[in-house]
Amino acid sequence: MKKMKFLFLALSMLALGCEEDDDPAAPLSNLEITTNVSDDDSGLVKITATAIGAKSYTFDFGDGTKGGSRSGVVEKTYTMAGLNDYTITVTAYDDNFNNSLEASTQVTVGTPVVNSEIVTTLTAGSSKTWFLAASQPGHLGLGPAREGIDGDWWYPKWYSAMAFEKCGEAISDCFCDDELTFSVNSAGELSYVLDNKGQTFFNVGHKEVAGGSETEDACYDFDTTGAKSVEISSISGNVPDTETTGMQMEFSDGGFMSYYVGSSTYEVLSISDDLLYVRTYDSLNADLAWYLRFTAAPAMAVEEEKLETIFNNLVWSDEFDVDGAPNPANWGYDLGAGGWGNNESQTYTDAAENVIVADGVLKITAKSGEGSAAVHYFDDMTLIEAGGATQSLEDFEGTAPTFTGFGGTTTTVIDNPDASGENTSVKVAESTKALGAETWAGSFFDLAAPIDLMAYPSISLKTWSPAAGASIILKLENQANADENVEVSVNTTIANAWETLTFDFSGAAAGTYDRVVLFFDFGVSPAGGITSARIKSENLFEFTYGRVEIRAKLPSAGGTWPALWALGANFDTVGWPASGEIDIMEHVGNNPNVPSSALHLPGNFGGTAIHASTDVATATTEFHNYTVEWTADYIKFVVDDELVHLSYENSDQTPFNADFFFIMNVAMGGNLGGAIDPSFTEDTMEVDYIRVYQ
C-alpha cells in the first residue's frame, strides 16, 4: 500500500519560532520518555519525548487513544477509576518520515475509585438497604451481550419478567425476600452485605455451586454472610452504551446481587433514590446479559387494579369515518427511511398503499417492494500541496485499512468493477448504503499519523456514483477526540463513471486529524424495499393530561413493530429523552399478542425505560382498547378498560407535565422488532378511533 509521508502542522512550527536541532541531519537516536503525573487525582499526565534527529512524535497512550506532537510534549488525562498501569508507546520520526524510532514506558495513574454520586445514592450517605423490584415488570431480564454500538444488546431483548413472576404470591420466596445493604464509612470505603434469608435463587446453569439437582432455576441453601468490599470504576473494554451511567460495581469474595449467575461485576445502568438497575454477564456464557431491578422499599403484592377515570369530557377525537387520506387537520407525516435511530428497515411514505382511511378504520400498512442498496466506489485519496504537488494518502492496492461502518453503511476493498476512464487501478473501496439506512450513514478508517492540512490543504478522491448530484462528505477527525473535526461536501457531477473530486480544507483549523470519515449520498436513504407510514398530530393537536383511548387491531407478521404513542412537543428544543415519551401500546410480531407500554425519561429510557407488558390472546385478530390516563400525580396504562398493567407516580420533576402529541406507525425490524420474516409481503395495523377525554 502506498503511504503518504506525513508532515506535521506548520502552525506548530510557527509556535516554536526558529528553534532547530543542533544537527538537523543527525540520524534518529536516543529516544527518551519522561512522565509527570499530577498529584490532584485528576488523571492528568504530562508526557515529554526527546530524540536526536526527531522532527515529530506520535503517542499511543495505552488506553486505546492516540495523539501526536511536533514538540514531543503532550498532556493526557486518564479517566479509568482506580489505580491503573498504562504502557505509553512513543514513535519518533525524522524530517521526511523515512525513518522512525520507537520506545515505551509505563506509568501508574490514580483517579478516585469511588463515584461519589453513585455511592451517595446507594448508601443514602451512610447505609441503605435495597430490595428486588418484584412488583415491577423486568425485575429480572435476559438479553444478548454486547454486539457493538449498532447492536441490540442494550436491553433485555429475550426475556423480561412480569410483575411478581419470579415470586408467586408469597413475597417470602427466596428470590424476592433478599435484602441488599450498601454502606460507606468515613474513609469513603464501600461495603455490601446480602441477606438471603438462608437461600439463594440459582440460575440452573450454576446449580452445581450449591450442590443442586433441579432442571430449572431453583432456591438452594447458600451462605452469603459477611461484608464484601465494593469497587466502583468506569466501564472498560467495549464502548459502553450511552444509556447507562458508564460505571460498574465489582464485589470482593464472590459477592453477587441476589440472582446467582457466577458474576461479581455489575454495570450500573440507572440509579436514583428509588431505583437501582444493573446488568451482569453470565460467567459460564459471556453471550448472556442478565438485568436486575431493585427498589428502596420491599415489594408489596397488590390486587388487580381497575381504572376509575377522573376524565369524562371528550375534547378531541378522530373516528376515521371519512374514506381517503387521514384528516389533514389532525395528522401530518414523518417521511424517510431508518426510523429514529432504532436500526429499522422501513421507509415511511404518505402513499395510499401505506396509509389510508377505509371502511371506517385507519389502516397503516407495512409492505415489501422492489429496491436495492446504494453502492458507491472510491479510490486514490491524494494529498495536494498549495503549489499542486501531490502525495498519495491511500490507493487500496496493498493491505486494506480497517473500515468501521455506521448507520447502515459497510465498506470493503474489492476488484475495480469499472476499470475505465479516470480509474484503471486494480483495487478500489466499495461503500454500500443498505435499504433503510440512516441518511447520515457512512464509514471511517484510521491513519497511523495525522494529516498535515497546512502542508496539504486539499484532498482529491476518485469516486464512482450511480447518480449525479449526490452529496459526498469527506470528514477528518481526531481519533482520541471526535469533537475535533472538519468536513467538506462536494457533489458528484456524473453517473455510472469515475470522476475526481477535490475537497478544499484550506480553511480548517489546526488539529490532529488521523481519522478519515466518508459519507456517500449524504441526506438520502435508499428508497424501495419495505415501505410503511408514520402519522403524527404535531402542531395540530397537542395536550397536557387526560385519558387517551385508542381502539386497534395489530399486525402479526414477524418483524412488525406497531406503536401508538405520544412524544413531548418540546423534543425539538430539549431533545430526547428530556422531552419524555409515553408509549401507549407497542407490539412485536415476533412475540405476538403481548402488547406493552412504556415511559421514557431522563434516567429511564431505551433499554432502561419503565416498561410493562400484558397478554391479550386476540390482539392480532380482534380490536382492543389501549388506554392511558395521565395526570400530574400518576400515569396508568390499561387494556380493555379493565386491568392497570403499569402505574407510574408522576411529579413535577418529570417531563410529563407539558404538551405531548400523538404518533401512530408500523416499523419493521430494528432494535425491538427483530428479524423480519423472509416471506414477509405486507401486514396492517387498523385503528378504529382515537379519543381524548379531559
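Across region 576-582, computed HN-Hα scalar couplings (Karplus, 6.51 cos²θ - 1.76 cosθ + 1.60, θ = phi - 60°) run 10, x, 4, 6, x, 8, 10 Hz from first to last residue, x flagging Gly and Pro. For a straight C-alpha distance cut-off of 14 angstrom, the aspartates and glutamates reachable from Lys306 (same-chain residues fewer than eight places away being disregarded) are Glu629, Asp640, Asp641, Glu642.
Within the shell of other residues whose beta carbon sits under 14 angstrom from the beta carbon of Gly421, the net charge comes to -4, with Lys and Arg scored +1 and Asp and Glu -1.
Across the chain, C-alpha contacts under 8 Å between residues 6 or more apart give a mean separation that, scaled by the residue count, equals a relative contact order of 12 percent.
Once you list every other residue whose beta carbon is under 14 Å from the beta carbon of Val204, what net charge do they have if Lys and Arg are +1 and Asp and Glu are -1?
Taking every Cβ under 14 Å from that of Val204, the sum is -3.
Near Ser613, within a Cβ-to-Cβ distance under 14 Å, what is the net charge of the other residues, with Lys and Arg +1 and Asp and Glu -1? Net local charge, Ser613 excluded: -3.
Using a cut-off of 20 Å between alpha-carbon atoms, which lysines can reach Lys207, once sequence neighbours fewer than 8 places away in the same chain are excluded? Of all the lysines, those that pass the test against Lys207 - Cα under 20 Å, at least 8 places apart if same chain - are Lys166, Lys197. Each peptide in 381-389, 566-574 receives the mean, over its residues, of other Cβ atoms within 10 Å, and ordering these scores from highest gives 566-574, 381-389. Are any of the pairs Lys128/Lys157; Lys128/Lys636; Lys367/Lys536 more than 24 Å apart by Cα-Cα distance, and if so, which? Exceeds cut-off: Lys128/Lys157; Lys128/Lys636.
Projected over all directions and averaged, the alpha-carbon convex hull of the chain occupies 35.4 nm². The heavy atoms of Cys176 present about 10 square angstrom of accessible area, all protein chains included, probe 1.4 Å.
By the rule of a C-alpha distance below 17 Å, with chain neighbours fewer than 8 residues away ignored, the lysines paired with Lys475 are Lys462. By a 1.4 Å probe calculation restricted to protein chains, Glu487 has an accessible surface near 100 Å², given to the nearest 10. When you restrict to C-alpha pairs under 8 Å that are six or more residues apart and normalise by the size of region 607-670, the relative contact order lands at 22 percent. Put Ser160, Ser186, Ser258, Ser489 in order of accessible area, highest first, and with a 1.4 Å probe you get Ser186, Ser489, Ser160, Ser258. Mean separation of Cα pairs under 8 Å and 6 or more residues apart, divided by the residue count, gives region 321-468 a relative contact order of 27 percent. Taking only the Cα atoms of region 486-598, the radius of gyration and Dmax are 22.2, 60 Å.
Entry note, the chain: the mean residue ellipticity at 222 nm calculated from DSSP H runs of n ≥ 4, each adding -39500 (n - 2.57), is -500 deg cm²/dmol after division by the residues and rounding to the nearest 500.
The values are calculated or read from the model by the stated rules, or taken from the named source; none is laboratory data. Since the model is a prediction, treat every value here as computed from it, not as a measurement. Heads up, the Cβs are rebuilt from the backbone with ideal geometry, glycines too, and the neighbour counts pull from every protein chain shown. The area values use the complete protein model at the heavy-atom level, side chains included, leaving out ligands, DNA and RNA. Shrake-Rupley method; radii C 1.70, N 1.55, O 1.52, S 1.80 Å.
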